[in-house]
Amino acid sequence: MRRLLFSTMLVVALSGLWTSSALAAGPGPAQLARAGWDCFLPPLDFNPNVHCAPPGQLARVVSGEARSAMFVTYATVDLGAERAPFLGTERLIRSDLYHGQPCPTDPPSYQYSSLFPRFGWNYMICHTFDSPW
């Protein structure tokens, strides 16, 4: 019983760390980079937000090996920011696995967008925030 209670409390505590409000006051791009994440700034003309991917995930996306991926996005152009407003996540799916699925979290279109025209990556992307494109 103690083990179940401890496990439940741990899951609740950890899940709270990754809510939008917790991340808004939580780690910034610099902290994630120190933890091995790959943070990058896309070309500013269409997306002035720092993006971070878990260790190794960005390389698998760039090479086309990843079936799917998830990035976190901050409202800053400063890769060295210790704290930055958390915008949300971006879900990527390789284009050959995309079959018109809706993106219910990406206003205003609620559709996946292609990353190929902007990055040359053969992936579709769904944002959990109002994306700039």
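Work the Kirkwood hydrodynamic radius out for segment 19-127: mean of 1/r over every pair of different alpha-carbon atoms, inverted, in Å. Don't jump to the answer; show the numbers that get you there.
On the way: mean 1/r = 0.0701 Å⁻¹.
Evaluated over segment 19-127, this radius sits at 14.3 Å.
Starting from the 7 Å offset along Cα-to-Cβ, what nm value, one decimal, do you get for the label separation of residue 99 and residue 59?
My value for the distance between the label points is 3.2 nm.
Hey, got the Cα dimensions of segment 65-133 along the principal axes, in Å, largest first?
Cα spread of segment 65-133 along its principal axes, largest to smallest: 38, 27, 18 Å.
Sticking with the crude label model, points 7 Å out along Cα→Cβ, report the distance from residue 114 to residue 34 in nm, one decimal please.
Taking the simple label geometry, residue 114 and residue 34 are separated by 4.1 nm.
Starting from the Cα-Cα distance between residue 122 and residue 79, subtract it from 0.36 nm times their residue separation and give me the gain in nm to one decimal.
Values: separation 43, 0.36 × 43 = 15.48 nm, distance 2.51 nm.
Value of the extension gain: 13.0 nm.
Quick note: the coordinates plus some simple rules give every number you see, no bench work behind them. Note that the structure is a prediction, hence the values are computed from the model and not measured. With ideal geometry, Cβ positions are generated from the backbone for all residues, glycine too; neighbour counts draw on all protein chains shown.
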